[in-house]
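Below is one structure; the comments refer to it alone.
The values are calculated or read from the model by the stated rules, or taken from the named source; none is laboratory data. Here the structure is a predicted model, which is why all the values come from computation and not from measurement. Cβ placement follows ideal geometry from the backbone for every residue including glycine, while neighbour counts extend to all protein chains displayed. When the accessible area is computed, the model is the full protein with side chains, heavy atoms only, and any ligands, DNA or RNA have been set aside. Shrake-Rupley method; radii C 1.70, N 1.55, O 1.52, S 1.80 Å.
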Amino acid sequence: KLFEGILNILEKDTKTSCQVACLEALRILSRDKKVLVPVTTKRNMQILMRLAKLDTVEDPLERVSEFPVIVEALKCLCNIIFNSAVAQKLSLELNLAAMLCSLLEKCKDQQFVDDIKCFDLRLLFLLSLLHTDIRSQLRQELQGVQVLTQALESSLSVRWTEEYKAAEDHDRPPLSLQETDCAIEALKALFNVTLDSWNVHSETESHQFRYMAAILRHCLLTAGPTEDKTEELHSNAINLLSNVPVSCLDVLISPSSQEETDIKYNGMNMGAIQILLDFMEKRIDKGSSYREGLTPVLSLLTACCRTHRNIRKFIKAQVLPPLRDVSNRPEVGTTVRNKLVRLMTHVDLGVKQIAAEFLFVLCKERVDSLLKYTGYGNAAGLLAARGLLAGGRGDHWYSDDEDTDTEEYKSAKPNINLITGHLEEPMPNPMDEMTEEQKEYEAMKLVNMFDKLSRDELIKPMGVRPDGTMAPLEEAVSQYHTNKQDSSDSD
């Protein structure tokens, strides 16, 4: 009754202060799903849309006194759409997404509209998250990618020096809280709208995504008002970069000019890639929520390294520098390599796979190179999954690099334990002092133990097929015999 009573007042022309008070009350009430069931109607939605200036396409935003009403009405719509499936369906019927895009256009070059813009973007994010039809409408009919990219560019105040290169002002103050919130909401909405954008089908699409990637590069090099806000901004930028077709990610690096003081490699500015590496290490050090927090940045870095040679070589120089000290196990220590090798045996299968894949790509998908940096024990899971236990390399082609083995590694190599991946002191052989009878007894004892475990189905003996994949031991052995017979010459 209270909800309906407030909406009846709002339907009439009342003072601005009264409208704001009524909308604030509605915003609190709209958090309760039970209240929303009887009041989520087309008429009530239209009242709120009128107050949010979503029903007038032509009218510009001129009266600053009305701005608090618009903001409160947008907040109410956010709560109602988030909590009500009926409201989500009505949004499609009332063409709410198109009206929000029009309001976003009105906010261009306007002062004091940051709050309006922020909640407009939040509402677009919620609609594209909760209703797949609205996501398609935004992408195909409303040019949502272009509209949201422009909103992001405006929030970050991007200035262009070249087609896909934004000006870097190292003395520029951090973004304000409002600017950061607007940018984050735009990034989240863009993520939903570009979810199925793995393939670029036209030059226009290619330009749009390269333009977006250039803005995201600028976003990574921009700081927010606090460390937490900066991390949230960068996290959403990384999520969106994961949707950008990999062929368009080359704009993350650019030819470095003399004036720039950022990190350089091979004449290229690697500032954004360094931010990604630092972000990855910070998320590893956090020690929790690896699947949500770490896998997006690892997937992005893996895709960049697989496609762009300069990025791979720059990252490898930092993550897998030439080995010198091999006295410790690869997973022991505080370097980025040590941290990533520890993740290769993580309990979460997704985290384990992406960490191993990242290191494998840095090694140009060569098994011998991966084993050098990780040891066979840590790499066995990846190699079994890829059918590379017998050695070799992956399917992807990489350019040849020069040998980077150090003299220290070359001298230690003969004594490195291939399983653990580090230098071990020679251990005394316990069989040296045994007689032949004792050796035979111990061997048979071991065979019987394995046989019992196998019969009780506690373990299943496996072998490696000639093609490098795993198979039950009997099958693997028979395949080796078959291959041997086929390859032998007849008399």
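Sort 335-345, 449-459 by the packing proxy (mean of other Cβ within 10 Å over each peptide's residues), most packed first.
Working: 335-345: 19.2, 449-459: 10.0.
Peptide ranking by packing, descending: 335-345, 449-459.
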Quiz item: Once the dipole of the chain is set up with Lys and Arg at +1 and Asp and Glu at -1 on Cβ about the Cα centre, which of Leu77, Ser256, Pro414 lies farthest towards its positive end?
Solution: Leu77
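Using a probe radius of 1.4 Å on heavy atoms only, what accessible surface per residue do you get for the chain? Whole Å² is fine. Walk me through the intermediate numbers first.
Values: 26090 Å² over 491 residues.
Normalised by residue count, the accessible surface of the chain is 53 Å².
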Exercise. Quick one: which residues, 5+ away or cross-chain, put their amide H under 5 Å from the amide H of Lys264? H built at 1.01 Å from N.
Key: Met270
Practice problem: Output the relative contact order of the chain, whole-number percent, from Cα pairs under 8 angstrom with separation of 6+ residues. | Solution: 8 percent
Quiz item: If you roll a 1.4 Å probe over the chain with all protein chains in place, what percent of the accessible area is carbon or sulfur?
Solution: 52 percent
Quiz item: For the stretch 438-487, what is the convex hull volume of the alpha-carbon atoms per residue, in Å³?
Solution: 95 Å³
Quiz item: Hey, quick one: spin label on Glu408, modelled 7 Å out along Cα-Cβ, who in the stretch 296-326 has an amide N within reach, i.e. under 17 Å?
Solution: 317-326
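Please state, as a whole number in µm²/s, the translational diffusion coefficient that the Stokes-Einstein equation yields for the chain at 4 °C and 1.567 mPa s, with Rh defined as the Kirkwood radius across alpha carbon pairs.
Working: Rh = 27.0 Å.
Approximately 48 µm²/s, per Stokes-Einstein.
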Exercise. Figure the gain on full extension for Met462 and Glu93 (residue separation times 0.36 nm, minus the Cα-Cα span) and round it to one decimal in nm.
Key: 126.9 nm
Self-check item: Value of [θ]222 nm, deg cm²/dmol, for the chain, DSSP H segments ≥ 4, -39500 (n - 2.57) each, nearest 500
Solution: -18500 deg cm²/dmol
Quiz item: Between Val64 and Lys286, what is the spin-label point distance in nm, taking each point 7 Å from the Cα along the Cα→C-beta axis?
Solution: 3.9 nm
Quiz prompt | Heavy-atom SASA rank of Thr334, Thr180 (probe 1.4 Å, accessible area, largest first) | solution = Thr334, Thr180
Quiz item: Sorted from largest down, what three extents in whole angstroms do the Cα atoms of the stretch 1-142 have along their principal axes?
Solution: 40, 33, 20
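Step by step: find N for the stretch 253-427, compute 2.2 N^0.38 Å, then divide the Cα radius of gyration by it. What's the final number? Provide the component values of the computation, followed by the final result.
Details: Rg = 16.4 Å, N = 175, 2.2 N^0.38 = 15.7 Å.
Normalised Cα radius of gyration, the stretch 253-427: 1.04.
With a cap of 13 neighbouring Cβ atoms within 10 Å, and only residues DSSP puts in a loop, list the GluC sites (Glu not before Pro) found in the stretch 39-121.
Of the GluC sites (Glu not before Pro), the ones in loops of the stretch 39-121 whose Cβ has at most 13 other Cβ atoms within 10 Å are Glu58, Glu62.
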Practice problem: Please name which of Asn338, Leu298, Val319 has its Cα lying farthest along the dipole of the stretch 253-427 towards the positive end, using unit charges on Cβ (Lys, Arg +1; Asp, Glu -1) and the Cα centre as origin. | Solution: Leu298
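What's the ranking of 44-54, 167-177, 181-191 by average number of surrounding C-beta atoms within 10 Å, highest first? Mind dumping the intermediate values first?
Working: 44-54: 21.4, 167-177: 12.3, 181-191: 26.1.
Highest-to-lowest ranking by the protection proxy: 181-191, 44-54, 167-177.
Peptides 121-132, 292-303: what's the order by average Cβ count within 10 Å, highest mean first? Could the numbers behind the result be given before it?
Numbers: 121-132: 22.3, 292-303: 20.2.
Ranking, from highest mean packing down: 121-132, 292-303.
What does the extension gain come out to for Ala167 and Ser202, with contour length at 0.36 nm per residue minus their alpha carbon separation? Before the final figure, lay out each step's value.
Values: separation 35, 0.36 × 35 = 12.60 nm, distance 2.76 nm.
Length gained, Ala167 through Ser202: 9.8 nm.
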Exercise. Taking 7 Å along the Cα-to-C-beta vector as the label spot, tell me the Val86-Thr334 distance in nanometres, rounded to one decimal.
Key: 6.0 nm
Quiz item: Once you put a point 7 Å from the Cα of Glu227 and another 7 Å from the Cα of Lys34, both along the Cβ direction, what distance in nm separates them?
Solution: 4.3 nm
